[in-house]
Amino acid sequence: MPLAPGQVVFTDKDSFRLKFPQPYDPYAITKFHAEVTDDDNNSVPLDEVYNHHWLIFNSQGNRGVCGGYLSYIFGVGQESRNTPVVFPDGTGYVAKGSWPWFANIHLLRTEGLRVETNRSQAVKDCIECSYGPGKGCFPWQSGTFACCADGSRCPVDSPQQPVKNYYLTYTMEYTTDASAVKPVRLYVLDGSNCQIEYNIQADEANPYQVTEHSWTAPASGDIAFTVGHVHNSGVNISLLVNDEIKCTSVPTYGTEVGKPGNEKGYIVKFSSCNDGFSIQAGDTIGVRAVYYVGYDDPTGSGIPGGSHGGVMALFYLGAVEESLRDADGNKIEKPWELEWQPAPVVV
């Protein structure tokens, strides 16, 4: 993927094809890892190319509530180099060799940006998809994908700077003995109620901004794996069952300039939860994301505090398919037909 300084790539999730194993029999993916690399297969630091997200799809999709871009199987963003998907022993994502796989890859090259106040502000405006002249969007679209679409460009000092090539390098561990693995059903829950991205405003008086949404669990089952995703200035994100926190995913911010895997001021890792827990049909399942919107940001984020554009509040979880039961205790024969409904609002 060629990128000039300031340039954006946003691949089409329905046509950007990936190579995946193609065994004749079903196989089970037990681990998936991806990162951005250069022509020499070196890891590229986030302060050179910001990995907004990469999302990998197949024809099946996950079974979450939103669909569209949130129907991905594996993802998501800047933290992925140190946050691979690793399913607990004995479980995995079962796929067929005949399934096609595609990717929506969203990268922004932040070298050579035009600096009007300071570089960190220029980076913030670029990676948060802020409106700017020549970006092909309108002011009211600031913070959305419209302001960092494929081929668009953040303002730079010299538009003629050389192009470099970048790649999504991905590895996976899998077994063709799929019968020895318990299949997991994947779900993505969005605490912003399927907005995908949303904007948050500065508030010095109440700097911890909470975004939360809840659903009614459509089935009982065992949750084997969970991990969350927020953007810069994110404090944490939690998955709740009946208002009880079952998993809190906490970001780690990097501390070394230009060091792949520990880039200063960027989220380089999220904690995940592999201990497992059970839910019951009818339980209230919530996602709660906390961002800091004061100006003196204590999170470790390297961009200016206050308002933020295009933030996210996602939770990715895997349920053991054979454990899924309806409200009467009957096995769910068609788990792909389960529907998540918004939880009733308690007044």
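The values are calculated or read from the model by the stated rules, or taken from the named source; none is laboratory data. Predicted, not measured: the structure shown is a model, and the values here were computed from it. Virtual Cβ from ideal backbone geometry, glycine too; neighbours counted across all protein chains shown. For the accessible areas, the whole protein counts, side chains as well, though only heavy atoms, and no ligand, DNA or RNA atoms are used. Shrake-Rupley method; radii C 1.70, N 1.55, O 1.52, S 1.80 Å.
Key figures for this structure:
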item	result
Yes/no for Pro5 being assigned to a loop (DSSP other than H, G, I, E, B), closer than 16 Å to Val163 by Cβ, open to solvent by less than 30 Å² (accessible area, probe 1.4 Å) and out of contact with any His (no Cβ under 9 Å at 6 or more places or on another chain)	yes
Tally, over the stretch 289-347, of residues that are aliphatic (A, V, I, L, M) and within 19 Å of the chain's Cα centre (by Cα)	8
Test: residue in the stretch 143-156 that is over 23 Å from Thr37 (Cα atoms), basic (Lys, Arg) and crowded, with 19+ Cβ neighbours inside 10 Å	no
Residue match in the stretch 307-324 (condition: hydroxyl-bearing (Ser, Thr, Tyr), within 23 Å of Leu239 (Cα to Cα), touching a Phe, Trp or Tyr at 6+ places or on another chain (Cβ under 8 Å) and surrounded by fewer than 20 Cβ atoms within 10 Å (Cβ to Cβ))	no
Selection status of Tyr69, open to solvent by 40 Å² or more (accessible area, probe 1.4 Å) and outside any loop (DSSP other than H, G, I, E, B)	yes
Residue check, Ser98 more than 21 Å from the chain's Cα centre (by Cα) and open to solvent by 50 Å² or more (accessible area, probe 1.4 Å)	yes
Test: Glu79 is outside any strand (DSSP E or B), under 30 Å from Gln161 (Cβ atoms) and open to solvent by 30 Å² or more (accessible area, probe 1.4 Å)	no
Spans of strands (runs of 3 or more DSSP E) in the stretch 262-347 with at least 2 residues touching a Leu at 6+ places or on another chain (Cβ under 7 Å)	284-292, 314-320
Where a residue in the stretch 140-159 is closer than 13 Å to Phe10 by Cα and its partner, wherever it lies, is among the aromatic types (Phe, Trp, Tyr) and in a loop (DSSP other than H, G, I, E, B), with Cβ under 8 Å and at least six apart	Ala146/Phe138; Cys147/Tyr131
Test: residue in the stretch 279-290 that is open to solvent by 40 Å² or more (accessible area, probe 1.4 Å), of a type in the set (Val, Ile, Thr), touching a residue at least 60 places away in the same chain (Cβ under 8 Å) and touching a Ser or Thr at 6+ places or on another chain (Cβ under 7 Å)	yes
Residue satisfying all of: in the stretch 17-62; touching a helix residue (DSSP H, G or I) at 6+ places or on another chain (Cβ under 6 Å) and either surrounded by fewer than 21 Cβ atoms within 10 Å (Cβ to Cβ) or among the small types (Gly, Ala, Ser) (or both); modelled with the lowest pLDDT among these	Gly61
Checklist (1) open to solvent by 50 Å² or more (accessible area, probe 1.4 Å); (2) over 30 Å from Asp328 (Cα atoms) applied to Asp222, failing item	(2)
Strands (runs of 3 or more DSSP E) within the stretch 170-250 that include 3 or more residues among the aliphatic types (A, V, I, L, M)	182-190, 221-229, 234-241
Qualifying residue in the stretch 45-52 (condition: of a type outside the set (Phe, Trp, Tyr), closer than 25 Å to Val287 by Cα, under 18 Å from the mean Cα position of the chain (by Cα) and outside any loop (DSSP other than H, G, I, E, B))	yes
